[in-house]
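Colleague: Structure in structure tokens, see below.
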Amino acid sequence: MTVETDGGDPTVTAAAADTDVVQDAEEALIEEGEIAGDYLEQLLDVLDFDGDIDLDVEGDRAVVSIDGGKDLTKLVGRGGEVLDALQELTRLAVQQATGVRSRLMLDVAGWRAKRRSELSALGKEAAERVLKSGERESLTPMTPFERKIVHDAVAAVDGVESESEGVEPNRRVVVLPA
């Protein structure tokens, strides 16, 4: 960041530099999404699957969604296992192209969006039960993605807190009175 010394307002210059950084970060995420979209489009062609690829940026992540094809549930698999593997392969393809580790999020046939809604409801319901009973409650083992959503839902309820315990793949969220 450069601060002007010729009478310009350094605050304005710093704000402009911050705006440039945000724009650069967003452009990098858009590039990640485009690389991922190209990779996934080629994969869909090889598999002879139909689907529309949508690119977006949410917060500090590129988000790629594949929708529209009837066979797409095969790309989700049982419990999202195939989707998780496909997401990791897509992240690796982006990393190979950019040289930077990607945190890209992939959704297929709205599976992650639906799962996020289910997990938020689960976290809220568990928090309400713990508030009522005063007893801690352990939930079933979950992936890091799933635990994060539950932790966020529990954090939105006053009087309770959550933590993770256990070792992968049996790591679980525990909801406790605050």
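The values are calculated or read from the model by the stated rules, or taken from the named source; none is laboratory data. Because the structure is predicted, anything quoted here is derived from the model rather than measured. Please note: Cβ atoms are built from the backbone with ideal geometry, for glycine as well, and neighbour counts cover all protein chains shown.
Colleague: In segment 51-97, how many are assigned to a helix (DSSP H, G or I) and either at pLDDT below 95 or of a type in the set (A, V, I, L, M) (or both)?
Modeller: Taking segment 51-97 first, the residues assigned to a helix (DSSP H, G or I) are 70-75, 78-97.
Filter once more, so that each one left must be either at pLDDT below 95 or of a type in the set (A, V, I, L, M) (or both): 70-75, 78-86, 89, 92-94, 97.
Number of matching residues: 20.
Colleague: With respect to residue 83, is the statement that it is more than 17 Å from the chain's Cα centre (by Cα), in contact (Cβ under 8 Å) with a residue 24 or more places away in the chain, surrounded by 13 or more Cβ atoms within 10 Å (Cβ to Cβ) and within 30 Å of residue 65 (Cα to Cα) true?
Modeller: For residue 83, the condition - more than 17 Å from the chain's Cα centre (by Cα), in contact (Cβ under 8 Å) with a residue 24 or more places away in the chain, surrounded by 13 or more Cβ atoms within 10 Å (Cβ to Cβ) and within 30 Å of residue 65 (Cα to Cα) - is not met.
Colleague: Here's another thing I want to ask about it. For residue 103, are the conditions met, namely being part of a loop (DSSP other than H, G, I, E, B), exposed (fewer than 15 other Cβ atoms within 10 Å of the Cβ) and either out of contact with any strand residue (DSSP E or B) (no Cβ under 9 Å at 6 or more places or on another chain) or free of Cβ contacts under 8 Å to residues at least 60 places away in the same chain (or both)? Before the answer, list the steps.
Modeller: Details: part of a loop (DSSP other than H, G, I, E, B): yes; exposed (fewer than 15 other Cβ atoms within 10 Å of the Cβ): yes; either out of contact with any strand residue (DSSP E or B) (no Cβ under 9 Å at 6 or more places or on another chain) or free of Cβ contacts under 8 Å to residues at least 60 places away in the same chain (or both): yes.
Taking the combined requirement at face value, the residue satisfies it.
Colleague: Restricting the search to segment 106-144, which residues are outside any strand (DSSP E or B), buried (at least 16 other Cβ atoms within 10 Å of the Cβ) and of a type in the set (A, V, I, L, M, F, W, C)?
Modeller: The answer is 109, 111, 119, 122, 126, 127, 130, 142.
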